[in-house]
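First up is the structure itself, then whatever we jot down about it.
The values are calculated or read from the model by the stated rules, or taken from the named source; none is laboratory data. Because the structure is predicted, anything quoted here is derived from the model rather than measured. Cβ sites come from the backbone with ideal geometry, for glycine too, and all protein chains shown count toward neighbours.
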Amino acid sequence: MERTPWPEVWREGRELFTPNLEPGVRVYGEPLRLVQGVEYRRWDPWRSKLAALLLQGAPAELLQRPGAALYVGGAHGTTVSHLSDLWPETPIFVVEKSPTAFASLLALARRRRNLLPLLADAQLPERYRADVGEVDFLYQDVAQRDQVGIFRENADACLAGSGRGLLMLKVRSVTQRKSAAAIARESRAGLAAAGFGVEEERPLAPFAREHLALVLRR
Ligand SMILES: C[S@@+](CC[C@H](N)C(=O)[O-])C[C@H]1O[C@@H](n2cnc3c(N)ncnc32)[C@H](O)[C@@H]1O
């Protein structure tokens, strides 16, 4: 196992790993590895866009431990379970609107105490902003038409002035009628109008087609 630029993320060749917060337990069928008394979970870039982004190259500061984080679009917890491994002391609020996916998140959160799931629509952050308070890191992966608007509203509701963000933009969910380049340009403009600069922009192919990862800072 070798260190990577991202704290607590390890690698062996092209494979990434995080230390398992819950030894002996898999979240999505991932292989476990025991190395010198520490158990690691393999982080699958075909299942997690964040792992894909790390393999494509991401700034080291991206995964610096925040005081609190908001994760929008938790689904069944694949990616957020790895953030839970990386930041055991950080409260991570996880918004998900599908009751089926939320049930998986609840089960995960019973075992991983740093995960705080919220069954809610991310288009209505005013319904959970009082529960979440202020966070330093906002992650969004929702594949909705108005992904930039949802990100902006969640940032306005919960992200600290100096906070950082990561938007996994599914280009084709925005519209089928414009080119990917035009959608990316308009998304960057919408984020700039809300005071966000794009620190990095990376396509996630081949792991997630038609997705762009945007690393953002106010
Ligand atoms: C692509 S999946 C997320 C995968 C997850 N981020 C991961 O890597 O493990 C998108 C999720 O966003 C949720 N979602 C979509 N629109 C939403 C909204 N308006 N509010 C909350 N969740 C939403 C969907 O139900 C789905 O579970």
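Overview of results
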read-out	value
Among the residues listed as Phe137, Phe207, the single one being modelled with pLDDT of 95 or more, crowded, with 16+ Cβ neighbours inside 10 Å and in a loop (DSSP other than H, G, I, E, B)	Phe207
Residue within segment 152-163 that is free of Cβ contacts under 8 Å to residues at least 40 places away in the same chain, within 14 Å of the ligand (Cβ to nearest atom) and assigned to a helix (DSSP H, G or I) present	yes
Residue count for segment 184-202, restricted to those that are buried (at least 19 other Cβ atoms within 10 Å of the Cβ) and not in a loop (DSSP other than H, G, I, E, B)	4
Residue tally, condition away from the ligand (no atom under 11 Å from the Cβ) and touching a helix residue (DSSP H, G or I) at 6+ places or on another chain (Cβ under 7 Å), over segment 118-132	3
Single unsatisfied condition, Glu12 versus (1) within 25 Å of Phe151 (Cα to Cα); (2) in contact with a strand residue (DSSP E or B) (Cβ under 9 Å, 6 or more places away or on another chain)	(1)
Answer residue from segment 53-68, given it is within 23 Å of Arg26 (Cβ to Cβ) and under 11 Å from the mean Cα position of the chain (by Cα) and is surrounded by the fewest Cβ atoms within 10 Å (Cβ to Cβ) among those	Leu63
Matching residues in segment 78-106 - criterion: being more than 10 Å from the ligand (Cβ to nearest atom) and not in a helix (DSSP H, G or I)	Trp87, Pro88, Glu89, Thr90, Pro91, Ile92, Phe93
Search result, residues across segment 87-110 that are surrounded by fewer than 19 Cβ atoms within 10 Å (Cβ to Cβ), touching a Leu at 6+ places or on another chain (Cβ under 6 Å) and aliphatic (A, V, I, L, M)	none
Filter result for Ala181 (part of a loop (DSSP other than H, G, I, E, B) and either hydrophobic (A, V, I, L, M, F, W, C) or farther than 12 Å from Val148 by Cα (or both))	no
Only listed residue being modelled with pLDDT of 95 or more, among the basic types (Lys, Arg) and away from the ligand (no atom under 16 Å from the Cβ), chosen from Arg26, Arg110, Arg47, Arg42	Arg110
Boolean, Ala109 is in contact (Cβ under 8 Å) with a residue 12 or more places away in the chain, hydrophobic (A, V, I, L, M, F, W, C) and not in a strand (DSSP E or B)	yes
Where a residue in segment 35-48 is among the small types (Gly, Ala, Ser) and its partner, wherever it lies, is within 13 Å of the ligand (Cβ to nearest atom), with Cβ under 7 Å and at least six apart	Ser48/Thr78; Ser48/Thr79; Ser48/His82
